[in-house]
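Below is one structure, written out as structure tokens; the observations come after it.
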Amino acid sequence: MLRMATCLGLFPPAPAGKTFQLNHRSPSLFSSPKPHITPSRKPRYGIQSSKFGSFLDLKPESKPELLDFDLSWFDPADRPRCFDVIIIGTGPAGLRLAEQVSGYGIKVCCVDPSPLSMWPNNYGVWVDEFESLGFVDCLDKTWPMACVHIDDDRTKYLDRPYGRVGRKELKTKLLENCASNGVRFHKAKVLNMEHKEFESSIVCDDGIELKASLVVDASGFANTFTEYDKPRNHGYQIAHGILAEVDCHPFDLDKMVLMDWRDSHMGNEPYLRANNSKIPTFLYVMPFDSNLVFLEETSLVSRPMLSYMEVKNRMVARLRHLGIRVKNVIENEKCVIPMGGPLPKIPQSVMAIGGISGVVHPSTGYTVARTMALAPIVADAIVECLGSTRMIRGRPLHHRVWNGLWPLERRCTREFYSFGMETLLKLDLNGTRRFFDAFFDLDPYYWQGFLSSRLSLRELLFLSLSLFRNASNPSRFDIVTKCPVPLVKMMGNLALETI
């Protein structure tokens, strides 16, 4: 990454960080080998059984599920229809912010077309991240270790527990906290939004108009409410995943596979192999037991976005090579995550949280744990304005909440993470392998901090110097020849941020 070896003496050694011993199992975290998975109807074992690789034709057994929860609904007969804060969307970001803001007595209304629907995607997090947030009870399965297969001969074992988020448990916990704090919910889709000097209003598809001092957009990437004043030149992570019943699989049950970059499964697929050598994909695996596994073929980042059919075809070839016969698909998902690119216009009349706000990790796509950690910070900024006797509204309110989410230091570190993404975009399969081979040889404090977005700018510079020092000669050549343009871009953006 950055070639600044002359500055090496300016940076401190790695601080002592929390470590986990190999094969250590904490009874409270690792005692349950099976996750809590409840398909909506009993799987038809044997009826949908596939031949090797033909799992794409199987239909998922699980159907969309609604939580059985008694929400406090907005009553259209209520007058006036005014709140302190309206939050559009009831995903993890929206509910977490609603929970935090309402805890201070702020009047909150969440608007969503289906507030009780289960979230469709599988979320994976590092256990220590959810422990620090008090959500470790919302993990339905944990693994004491993770591993990264660089190629057929090299595997990195990561001594950091990993977990799958129990979507039902997490959403229920957030809804319970919202309900106890008096949050109202309105089942509708927001069509339009209007901003005045001290008040914003939304119009829903049922004709209801609601007003608030602040509207927060937590509706995800596919919206038109949050404004950008720069071209949105995102990279894209795209993946196809299935939670599947299988005859058997080759994965260790005490390790999740964070990345498998091996390409031996493409030996008889010259077209796929040629494309994969240019824009590689990896396999992400959560093994629950010997017959239940979550498998996801993932393009870490590409621009333009890699074809979804290409991703699926690579997964077919990989599972065939691994001898995995899918008997039944319980869930499937298409995951598309815009990464990097510019931040939204700061400030603006609508606040944003979650994916649309720019908090997605530009180099990895991780979002959930970071959003859960940042929501209390945004809530504090909102409460300082709307919970004070002065009632700060309008432009001063927008300025404070946006800069609460994106202070100068956080904007600068995001530029660095975006530089990492731009570098990955320029690497082929061999370059990507060399990069991660060196990356996971770093002191755990730094690679863990990088993946969890918690390193300071100074620490990120030290990470870059260490990475360059530890990299192989071919990897150093990649850095020297392919990083100058992203580096110049990052330095220019940093200069603009600090002016």
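The values are calculated or read from the model by the stated rules, or taken from the named source; none is laboratory data. Computed from a predicted structure; not experimentally measured. A quick note on method: Cβ atoms are made from the backbone with ideal geometry, for glycine too, and the neighbour counts reach across all protein chains shown. Keep in mind that these areas ignore ligands, DNA and RNA; they rest on the heavy atoms of the full protein, side chains included. Shrake-Rupley method; radii C 1.70, N 1.55, O 1.52, S 1.80 Å.
Numbers below:
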{"item": "Residue count, the range 317-365 (criterion: aliphatic (A, V, I, L, M) and open to solvent by 10 Å² or more (accessible area, probe 1.4 Å))", "result": "5"}
{"item": "Residue under evaluation Arg454, criteria (1) of a type outside the set (Ser, Thr, Tyr); (2) part of a helix (DSSP H, G or I); (3) open to solvent by 30 Å² or more (accessible area, probe 1.4 Å), criterion not met", "result": "(2)"}
{"item": "Qualifying residues in the range 242-282 (those that are within 18 Å of Leu306 (Cβ to Cβ) and among the hydroxyl-bearing types (Ser, Thr, Tyr)) - the one surrounded by the most Cβ atoms within 10 Å (Cβ to Cβ)", "result": "Thr281"}
{"item": "Yes/no for Ser464 being assigned to a loop (DSSP other than H, G, I, E, B) and of a type in the set (S, T, N, Q)", "result": "no"}
{"item": "Candidate set from the range 55-86 (those that are over 30 Å from Ile324 (Cβ atoms) and aliphatic (A, V, I, L, M)); member that is most open to solvent (accessible area, probe 1.4 Å)", "result": "Leu66"}
{"item": "Any chance Glu131 is open to solvent by 50 Å² or more (accessible area, probe 1.4 Å) and under 30 Å from Ser452 (Cβ atoms)", "result": "yes"}
{"item": "Residues of the range 175-206 classified as in contact (Cβ under 8 Å) with a residue 60 or more places away in the chain, among the polar types (S, T, N, Q) and not in a strand (DSSP E or B), total", "result": "2"}
{"item": "The one condition in (1) more than 23 Å from the chain's Cα centre (by Cα); (2) modelled with pLDDT under 95; (3) surrounded by fewer than 19 Cβ atoms within 10 Å (Cβ to Cβ) that Glu409 fails to fulfil", "result": "(1)"}
{"item": "Condition check for Tyr446: in contact (Cβ under 8 Å) with a residue 40 or more places away in the chain, in a helix (DSSP H, G or I), touching a helix residue (DSSP H, G or I) at 6+ places or on another chain (Cβ under 8 Å) and closer than 26 Å to Trp261 by Cα", "result": "yes"}
{"item": "Counted residues, the range 367-384 - those being part of a helix (DSSP H, G or I) and within 20 Å of the chain's Cα centre (by Cα)", "result": "11"}
{"item": "Pair list, Cβ < 6 Å and 6+ apart or interchain, from the range 85-98 residues that are in contact (Cβ under 8 Å) with a residue 24 or more places away in the chain and closer than 12 Å to Leu374 by Cα to residues that are open to solvent by 10 Å² or more (accessible area, probe 1.4 Å) and of a type in the set (Gly, Ala, Ser)", "result": "Ala93/Ala218; Gly94/Ala218"}
{"item": "Matching residues in the range 134-168 - criterion: being crowded, with 20+ Cβ neighbours inside 10 Å and of a type in the set (Ser, Thr, Tyr)", "result": "Thr142, Tyr162"}
